[in-house]
Amino acid sequence: METTLYICQTCRMGQPVPEDGIVPGARLLAAVAAGDLPEGIRIVPASCLQACAEGCAVALSRPGAWSYVQGGLAPDDAGEVATMARQYRDSEDGIVPWRERSALFRKNTVARIPPLPAPSLIATPLAPSPAKDPA
């Protein structure tokens, strides 16, 4: 299955837009795209991954696997992002064992999201509360 690497191209890392108008997220996207990205990984620019306070953000996903949102990244981390994507792609279910993760992967996880659909992970829904008699 192909792995998708979403890269927030609008991230400003909490800073004003630079004079050249190219925000850090766009720089990270360009650096990763220009680098040596492993086969089987598709880059998709994202408008915002809602991890603005954490630096640049990326997300990794593939069908039937856990997904990750990683924050606290900078444009200089493009090589580490490629390593993180390779480790994720090579994992069986999207979960890269903690000790095998790159340092950036270990320290910058914002969220790990269950596979969708995930019927075995969904708790039994709560029954609706009985309606109260308004009288």
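The values are calculated or read from the model by the stated rules, or taken from the named source; none is laboratory data. Note that the structure is a prediction, hence the values are computed from the model and not measured. Every residue, glycine as well, gets a Cβ built from its backbone with ideal geometry; the counts of neighbours run over all protein chains shown. Keep in mind that these areas ignore ligands, DNA and RNA; they rest on the heavy atoms of the full protein, side chains included. Shrake-Rupley method; radii C 1.70, N 1.55, O 1.52, S 1.80 Å.
The C-alpha atoms of the chain define a longest principal axis, and helix 78-90 lies at about 50 degrees to it.
Would you work out which of 5, 104, 114 lies farthest towards the positive end of the dipole of the chain, given +1 charges on the beta-carbon of Lys and Arg and -1 on that of Asp and Glu, about the Cα centre? About the Cα centre, the residue reaching furthest to the positive side is 114.
Across segment 2-19, coupling constants 3J(HN,Hα) worked out from phi with the 6.51/-1.76/1.60 Karplus curve, θ = phi - 60°, read 6, 8, 10, 10, 8, 10, 5, 8, 9, 4, 10, 6, x, 10, x, 4, x, 4 Hz, and Gly and Pro carry x. Accessible-area rank, largest first, for 1, 84: 1, 84, with all protein chains present and a 1.4 angstrom probe. Packing order of peptides 11-22, 62-73, highest average first: 62-73, 11-22 (average count of other Cβ atoms within 10 Å over each peptide's residues). Remark: relative contact order (the chain) = 26 percent; criterion is Cα-Cα distance under 8 angstrom and separation of 6 or more residues. With respect to the chain, whose longest principal axis is taken over its alpha-carbon atoms, helix 24-34 is tilted by about 70°. Counting each DSSP H run of 4 or more residues in the chain as -39500 (n - 2.57), what helix-only mean residue ellipticity at 222 nm follows after dividing by all residues, to the nearest 500 deg cm²/dmol? Estimated from H runs of four or more residues: -6000 deg cm²/dmol. Rolling a 1.4 Å probe over the protein chains gives residue 86 an accessible area of about 90 Å².
Compute the whole-percent fraction of alpha carbon pairs in segment 28-82 spaced more than 17 Å apart. Don't skip to the answer; put the middle values down first.
Details: 547 of 1485 pairs.
When all Cα pairs of segment 28-82 are counted, 37 percent exceed 17 Å.
Among the DSSP beta bridges whose two residues both lie in the chain, what percent are antiparallel, rounded to the nearest 5? About 65 percent, rounded to the nearest 5.
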